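First the structure, in the form of structure tokens, and then the observations on it.
The values are calculated or read from the model by the stated rules, or taken from the named source; none is laboratory data. What you see is a predicted model, and the numbers here were worked out from it, not measured in a lab. We place every Cβ from the backbone using ideal geometry, glycine too, and count neighbours over all the protein chains shown. SASA here: full protein model, heavy atoms, side chains in, ligands and nucleic acids out. Shrake-Rupley method; radii C 1.70, N 1.55, O 1.52, S 1.80 Å.
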Amino acid sequence: MKQVVVDCKVCLQFADETVEYFVRNPKNLKIGVGEISTDSPLGKILLGKGVGEEVTLAIGAGEEIWCRIVKIQSPVYTVL
């Protein structure tokens with residue numbers, strides 16, 4: 001997978017840890033289970049980005065969070 005898209009799994013390297021999230025449409029979001037909404041500030045900034053790209057998110061009061069995209073896994077869909 002070349003870019004972050006809806007329903008993909010993305011691995012992010014923050015300053016002190018690596019975390020994996022699913023990027024979800026808000027209608028399909030399950031809060032508290034490792035999912036990021038495409039409507040959230042982080043979700044919006046990640047969409048369309050690729051492996052190796054770095055993003056910085058302003059979190060207020062002059063503070064920022066930095067992370068690098070380490071891995072992107074394609075969404076898996078089941079055909080019924």
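Applying a threshold of 19 Å to the alpha-carbon distances of Lys9/Lys44; Lys27/Lys71; Lys2/Lys71; Lys27/Lys49; Lys30/Lys71 flags Lys27/Lys71; Lys27/Lys49; Lys30/Lys71 as lying beyond it. Taking a ≥ b ≥ c as the square roots of the Cα gyration tensor eigenvalues, with a/c under 1.5 meaning rounded and otherwise prolate when a/b beats b/c, else oblate, which class fits region 5-52? Here region 5-52 falls in the oblate category.
Of all DSSP bridge pairs formed entirely within the chain, close to 85 percent run antiparallel.
Mean residue ellipticity at 222 nm, helices only, the chain: -1500 deg cm²/dmol; runs of at least 4 DSSP H residues each add -39,500 (n - 2.57), and the sum is divided by the number of residues. Ligands, DNA and RNA left out, the accessible area of the chain computed with a 1.4 Å probe is 53% carbon and sulfur. The ellipsoid equivalent to the alpha-carbon distribution of the chain has semi-axes of 22, 15, 11 angstrom, derived from the gyration tensor eigenvalues as √(5λ) and listed largest first. Taking amide H as placed 1.01 Å from N in the peptide plane, Glu35 has its amide H under 5 Å from the amide H of Phe22, each at least 5 places away in sequence or on another chain. Taking every protein chain into account, the accessible area of the chain amounts to 66 square angstrom per residue (probe 1.4 Å). Amide hydrogen proximity for Glu53: with H placed 1.01 Å from N in the peptide plane, the residues at 5 or more positions away or on another chain lying under 5 Å are Ile69.
Dipole magnitude for the chain: computed about the Cα centre from +1 point charges on Lys and Arg Cβ and -1 point charges on Asp and Glu Cβ, it is near 400 debye. Ignoring the sites themselves, what is the longest stretch of the chain with no trypsin sites (Lys or Arg not before Pro) in a DSSP loop and at most 10 other beta-carbon atoms within 10 Å? Between the exposed loop sites, the longest stretch runs 31-80. Among the GluC sites (Glu not before Pro) found in the chain, those both in a DSSP coil and sparsely packed, with 15 or fewer other Cβ atoms within 10 Å of their Cβ, are Glu17, Glu53.
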